[in-house]
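Derivation of every value follows stated rules applied to the coordinates shown; laboratory data play no part. It should be emphasised that the depicted structure is a prediction, and the values quoted were computed from it without experimental measurement. All Cβ positions, glycine included, derive from the backbone under ideal geometry; neighbour counts span all protein chains shown.
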Amino acid sequence: MREPMPSPSEAGPTQFALGDQPAFPSGGRDLLAKTKLLLYSAAFAPNPTPLEAWREQHKGNFIMAAIKQLAAVTRSGTGKGAARSVRREGRVPAVIYGGGLKPETISVDFKDVNKLIYAGHFLTTIFEIETDGRKERVLPRDYQLDVVTDRPVHVDFLRLTAGSRVRIGVPVHVENREASPGIKKGGTVNLVLHTVEVLAPADNIPDAISVDLTGLDFTDSVHLSALKLPDGCKPVATKSDLTVVTIVPPTVMAEEAAPAAAAPAPAAKAAPAKAAPAAKPAAKK
């Protein structure tokens, strides 16, 4: 008679991978060989729950950042006076730093930079800057706007070298709203994280992360672990599985009771009696 297989609690919390041969009784080993079972630790269920199965589906996609070209001119002067002179020429002073090299002061065309900044995704776009016939890949790290006119007055570029990694906030987008049962029933999308901080290789930075809302109902959510990131990218927040998007049910406000009937208007006050006309003065004799 075959001996029964030990329960997960008896076997202990150790996980075994396929192909391992743990020390089971002979009957248990035969059963394992015939059915090709994979043991789970006591902390995991043998079959995934509906929520776990849903999380394993493809719920996130990414859009790779396109490399854009940007012309620049080397500038020699530094300081406020030199920067004002550059701006009067219709250009924006900038600097390229990082990569173990000396910072390089440059200037870029105002119209080009102004258009790129207000087009969006400026800080997550890789640029190939050409200066005096030499090309360098850079990533904008910061820019300054005039406090009155909101015109760009300075840009900082980070030099990207082979094998380097950068910490960057990637914007989150949602798609397939029409395929969400929760939204069809009047729910709304609650974008908890507008950007996701990731560590990414300098040559593999995503421009945006898209979250698929297909099949999401009320109170369903997409967590950080369900997002698909490019190879080599990993989220900065690894200690907790942050919520990225949730579907919020509509809030129904009870109509207030009709206000009580207005009280009757107070009776009109009696008009004051007219004063008697003053007596005519006596005629003089």
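Key figures
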| item | result |
| --- | --- |
| At R0 = 25 Å, FRET efficiency that the Cβ-Cβ distance of THR195 and ASN114 yields, to 0.05 | 0.65 |
| Neighbourhood charge, 15 Å Cβ-Cβ cut-off, centred on ALA200 and excluding it, Lys, Arg +1 and Asp, Glu -1 | +2 |
| In sequence order, calculated HN-Hα J values of segment 93-105 (Karplus, 6.51, -1.76, 1.60; Hz; x Gly/Pro) | x, 8, 9, 10, 9, x, x, x, 10, 6, x, 10, 8 |
| Of LYS111/LYS234; LYS184/LYS234; LYS115/LYS135, pairs whose Cα-Cα distance is over 29 Å | LYS111/LYS234; LYS184/LYS234 |
| Distance in nm between pseudo-label sites at LYS80 and ASP241 (7 Å out along the Cβ direction from Cα) | 5.4 nm |
| Three-way shape label, segment 110-253, alpha-carbon gyration tensor, a/c 1.5 | prolate |
| Gain in span if fully extended, ARG177 to ASP207, counting 0.36 nm per residue against the direct Cα distance | 8.7 nm |
| Modelled FRET efficiency - R0 41 Å, VAL148 with SER221, Cβ distances, 0.05 increments | 0.45 |
